[in-house]
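A.B. asks: Quick one: this structure, given as structure tokens, is what I'll be asking you about.
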Amino acid sequence: MASSYQFQGLGRDKQKDLLGAWYKRLEDAPKTGTPVAYLFISGNICELLRSFGFEVLFPEVNALQCGIKKTAGDFILKAEDLGYSSDVCGYVKNDIGLASSGNRGPFGTLPKPDLLVCNYAGCNTYIKWFEALAELYGARFFLLDVPYRRTGEKERPEDLQYVMRQLEELAQVCAEISGQRLDLDKVREQLEYARQAEELWVKILHSAKHKPSPFDAFFEAVFFMAPIYVLRGTKECVDYYEAACKEIEERLQHKIGPVSEERFRVVMEGPPPWPNFRNFWELFKRWGVCCVASTYSKVGGIWDFGRRHDPARPMESLAEYAVNCYTNWDWSLRRQMMERYAQEYSADALVIHSVKSCRAFSVGQADVREHFSKVKGLPTLFVESDLADPRYFSEAQLRNRIDAFFEALEHRRMAPARPAPEA
Amino acid sequence: MGSGSHRFWEQARRWEEVIAHCREVAFDTGFPTVRAWKQETGGKAVGSFPVYTPQELIAASGSLPVTLYGGHGQLEIDHADSRIQSFVCSIARSTLELGLAKYLDWLDGFVVPSICDVARNLSGVWRHNFANGFLFYLHLPQNVDSPAAKTYYRGELERLRAGLAELTGRAIADASLSSAIQTFNRNRTLLEEFRARRAANPEQWPSSHVYVLAAMGNVLPREEHNALLERALELGEAQRRPKRDAVRVVLRGAFCEQPPLELLDVLEDAGCAVVDDDFHIGGRFFLAPLEGNSDPLDALAEAYLHQTVLTPVNNPGRRSRSADLLTRCKEQAIQGVVFASPKFCEPALYDSVLLRKALEHAGLPVLEFEYEEKMTVFESVRMQAETFVESILFFS
């Protein structure tokens, strides 16, 4: 970056530092006597666990780290040697392979869990995953059962009540393990930090409404979103988003963005292919594609339509958050979200990256393609690979499809509008 | 088809006759028994995806519960391919195909329990493609030992009851539900009776025969299914079949999507006497009869949480799937375990790894393979099964 820019690169660099420090704390947890809870990203209730002094670990984040650092393939093969099918989730196999290799990955050595909190929010594989870990580690297992958010404008009160009652039960389990009592003031303090970080994160997400967009809401968002999912509720997380906001504001001032010339604005549906992340991005960059909104950046939580954690209603807002993560939404809500994105972010197209590993994400995406391309008239590209397993990434095939799609889109743009048929 | 002709068992004189008829009707994608029932009664037919749907409620609403088990290998997946990708189990794709290709024009409603990611997402695809029908997504609690789960699930059942009442235009009285529970209790008792007789004398009660009898429950009112089963018990007892060398096996993995019937024939031919299985578990998932007289809804909720067959799609809570399987193996003098998992069925594929470990630890041999609805070549399974049987007969 030229020296005239003061804040460029902050979002990426600070994120790396924060995650590195977090992994270090996790590695040291056995030495420092800090209890460790494993939980999942979607609808996680990390603020409650941190209030009891738990350090939290997210196996999905470990899996994506292994993916991007290209160690996932070997871990997956190891799990397959242990009997796991080639057709089950690559994240799970990555984790089983990792755990069977002394829990040592590119991020250091991971501690064993004192508590497994399976926040089952829209992914049944979460349950199967932690059932396997509970057997492997003999650790205490708590299943936080989060009902699926079905159609309708509002959450169903009975769903929220149900989650809140379970949070009370979870608090008792946490108290038993940590030796600390539930301190609602501590929870409130974290929820206030969470709220502040969410406010700033939404500002970044909304910045992509500008033309050109200063931010890629998929390829860059996957880095920018890490702190809000793994460190939400901490002061350092708020500090991170303040810095990241400065970077985005500076980009807006100077009209710079993720691609040198923004030619196509797309909404992206689906997770990235982590082991081939860079190559995948390049396939779009060469066409001047900027993802102006994405659904994957909402897997942990959806704030861009106004929802925030609320310190005044600690348990209720934790429950609301748990219910409202992307894959815990019914397809009607997911479709509405994409429609809204396409409109509000002035998208030229929808790109669906369908991954075999994650059926919660994928099953029904073909129906989404039908809906957008045939009913809504929004050009839609559908490509397939995987989020964890490098064996499913066929670059030549993807390139062909992506090139053909944007070529057609460009052609359509340049072609003069067809004259109206004569009456 | 009028009621006279579909009560074929009343005139049947031989066991084979009943079985042959069941084979013909149970997997007919034209759903003749369902159409006949609707024509006769004017009632609604409410489908459900397999496993843990409380069909007692559907029956109590005066509707016919029909379990949708996909296309039984008879459909080309054409329309459904444009809605659901190919790396998904056959049953989800072919059930959707049944709907899109208009095989289900008789269907008045569909209940989808939250058994897996595929079922959950299928509910949304279904709603999108069949916008005017009644669709109920049922959240089955997974933290079965929590007191909150009981309250929540009872609420879910209340909501299903209200939805069905709206569909049929008449409220579901507790008395109707109690009566349906008694009919279903009788049905489960009869199915268990077949299983018990088969376990005691596998030659007399071939699994493929017991299988088709159970399958009839998916497309008949339970009262009629009970009548069929009672008649079949009499006829089955009277038949004589030759003794043969076979090993006693338990089969797991087929709790939702069903294998092609030929697969069972192949296993039996190879010398596997399947004396315990999870076929059609959706029709018999309570472990004990329900006491449904005082508060029938409560009985359904309680039984789901604490008296339910363990499958890969319910968290066992304090119970243990491997302990449960090992106990069954011991009680039934099982010599080997067959994991037959539907292709792409993640819950079954995850569980088989953990269960296999427990079985190997206990010294029980395991045979594992995958199947698909449209599977037509069984030679590889036959060879694996023969080797498995021989290794038990000659080396155990």
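A.B. asks: Go through A:191-202, B:111-122, B:9-20 and give me the packing order, highest mean Cβ count within 10 Å leading. Intermediate results must be reported in sequence, preceding the final value.
C.D. replies: Numbers: A:191-202: 21.2, B:111-122: 25.4, B:9-20: 15.4.
Ranked from most to least packed, the peptides come out as B:111-122, A:191-202, B:9-20.
A.B. asks: Right, here's the next one. Ignoring everything except DSSP H segments at least 4 long, calculate the 222 nm mean residue ellipticity for chain B; use -39,500 (n - 2.57) per segment, divide by total residues, nearest 500.
C.D. replies: Details: 15 runs with 195 residues, N = 396.
Here the helix-only value at 222 nm equals -15500 deg cm²/dmol.
A.B. asks: Still on this structure, I have one more. Between B:D245 and A:K31, what's the calculated FRET efficiency when r is the beta-carbon distance and R0 is 41 Å? Round to 0.05.
C.D. replies: 0.10
A.B. asks: State whether chain B is rounded, prolate or oblate according to the following rule on the C-alpha gyration tensor (a ≥ b ≥ c being the square roots of its eigenvalues): a/c under 1.5 gives rounded; otherwise a/b larger than b/c gives prolate, and the remaining case gives oblate.
C.D. replies: Taking the square roots of the gyration eigenvalues as a ≥ b ≥ c, chain B is rounded.
A.B. asks: Set Lys and Arg Cβ to +1 and Asp and Glu Cβ to -1, take the dipole of the range A:51-132 about its Cα centre, and tell me which of A:V88, A:L57, A:L115 lies farthest positive.
C.D. replies: A:L57
A.B. asks: At R0 = 45 Å, how high is the FRET efficiency between B:R382 and A:Q161 if r is their beta carbon distance? Nearest 0.05 is fine. Let's see the in-between values first.
C.D. replies: On the way: r = 54 Å, r/R0 = 1.19.
Result of the calculation: an efficiency of 0.25.
A.B. asks: Further question on the same structure: What 222 nm value per residue comes from the helices of chain A, counting each DSSP H run with n ≥ 4 as -39,500 (n - 2.57) and dividing by all residues, nearest 500 deg cm²/dmol?
C.D. replies: Helices in chain A give a 222 nm mean residue ellipticity of -15500 deg cm²/dmol.
A.B. asks: Rounded, prolate or oblate: which fits the range B:3-175 when a ≥ b ≥ c are the square roots of the eigenvalues of the alpha-carbon gyration tensor, with rounded for a/c under 1.5 and prolate only if a/b beats b/c?
C.D. replies: oblate
A.B. asks: When a/c is below 1.5 the answer is rounded, else prolate if a/b is larger than b/c, else oblate, so apply that to the protein assembly as shown with a ≥ b ≥ c taken from the square roots of the Cα gyration tensor eigenvalues.
C.D. replies: Prolate shape, in that a/c is at least 1.5 and a/b is the bigger ratio.
A.B. asks: Same structure, new question: Please work out the Kirkwood hydrodynamic radius for the range B:263-351, using every pair of different C-alpha atoms, and report it in angstroms with one decimal place.
C.D. replies: 15.2 Å
A.B. asks: Can you give the net charge of the other residues whose Cβ lies under 15 Å from the Cβ of B:I281, counting K and R as +1 and D and E as -1? List each step's numbers first, then the result.
C.D. replies: On the way: positive: B:R188, B:R195, B:R252, B:R284, B:R321, B:R328; negative: B:E192, B:E257, B:D276, B:D277, B:D278, B:D324, B:D351.
Residues close to B:I281 contribute a combined charge of -1.
A.B. asks: Expressed as an acute angle from 0 to 90° and rounded to the nearest 10, what is the orientation of the C-alpha long axis of helix A:72-81 relative to the principal long axis of chain A?
C.D. replies: So the helix axis and the longest Cα principal axis differ by about 60 degrees.
A.B. asks: Give me the number: length gained by fully extending A:R263 to A:K235, i.e. 0.36 nm times residue separation minus the C-alpha to C-alpha distance, one decimal in nm.
C.D. replies: 6.3 nm
A.B. asks: Let me ask something else. Can you give me the distance in nm between label points at A:R391 and B:D145, each placed 7 Å from the Cα along the Cα-to-Cβ direction?
C.D. replies: 3.7 nm
A.B. asks: Nearest 10 degrees is fine. How inclined is helix A:331-344 to the longest principal axis of chain A, computing both from alpha carbons?
C.D. replies: Here the helix axis deviates by roughly 50 degrees.
A.B. asks: Please give the charge dipole size of chain A, origin at the Cα centre, charges +1 on K and R Cβ atoms and -1 on D and E Cβ atoms. Round to the nearest 20 debye. Write down the numbers at each step before the final one.
C.D. replies: Values: 55 positive and 59 negative charges, 158 e Å.
Here the size comes out at about 760 debye.
A.B. asks: Specify the residue with the greatest mean-square fluctuation among B:L68, B:L287, B:L191, computed from a Gaussian network of chain B linking alpha-carbon atoms under 10 Å apart.
C.D. replies: B:L287
A.B. asks: Which of A:K78/B:K357; A:K14/A:K69; A:K16/A:K128; A:K24/A:K356; A:K16/A:K298; B:K102/B:K374 have a Cα-Cα distance over 24 Å?
C.D. replies: Pairs exceeding the cut-off: A:K16/A:K128; A:K24/A:K356.
A.B. asks: Need one value for A:127-134: mean number of C-beta atoms belonging to other chains within 10 Å of its residues' C-beta atoms.
C.D. replies: Taking the mean over all residues of the peptide, I get 4.
A.B. asks: Would you mind telling me which residue in B:L135, B:L177, B:L235 has the biggest mean-square fluctuation in a Gaussian network model of chain B, where springs connect alpha carbons within a distance under 10 angstrom?
C.D. replies: Its mean-square fluctuation being the largest, the pick is B:L235.
A.B. asks: So, counting K/R as plus one and D/E as minus one, what does the shell of residues with Cβ under 15 Å around A:P390 add up to? Intermediate values should be presented prior to the final figure.
C.D. replies: Working: positive: A:K69, A:K70, A:K78, A:K93, A:R278, A:K356, A:R391; negative: A:D74, A:E80, A:E384, A:D386, A:D389, A:E395.
Residues near A:P390 contribute +1 overall.
A.B. asks: Between A:A132, A:A208, A:A319, where does the largest GNM mean-square fluctuation fall for chain A, given springs only between Cα atoms within less than 10 Å?
C.D. replies: A:A132
A.B. asks: Give, in nm to one decimal, the length gained when the segment between B:E10 and B:Q74 is fully stretched (0.36 nm per residue of separation minus the Cα-Cα distance).
C.D. replies: Taking B:E10 through B:Q74 to full extension adds about 20.2 nm, to one decimal.
Values quoted throughout were computed directly from the atomic coordinates according to the rules given, and no laboratory measurement underlies them. This one's a predicted model, so the numbers in the text were calculated from it and none came from an experiment. Cβ sites come from the backbone with ideal geometry, for glycine too, and all protein chains shown count toward neighbours.
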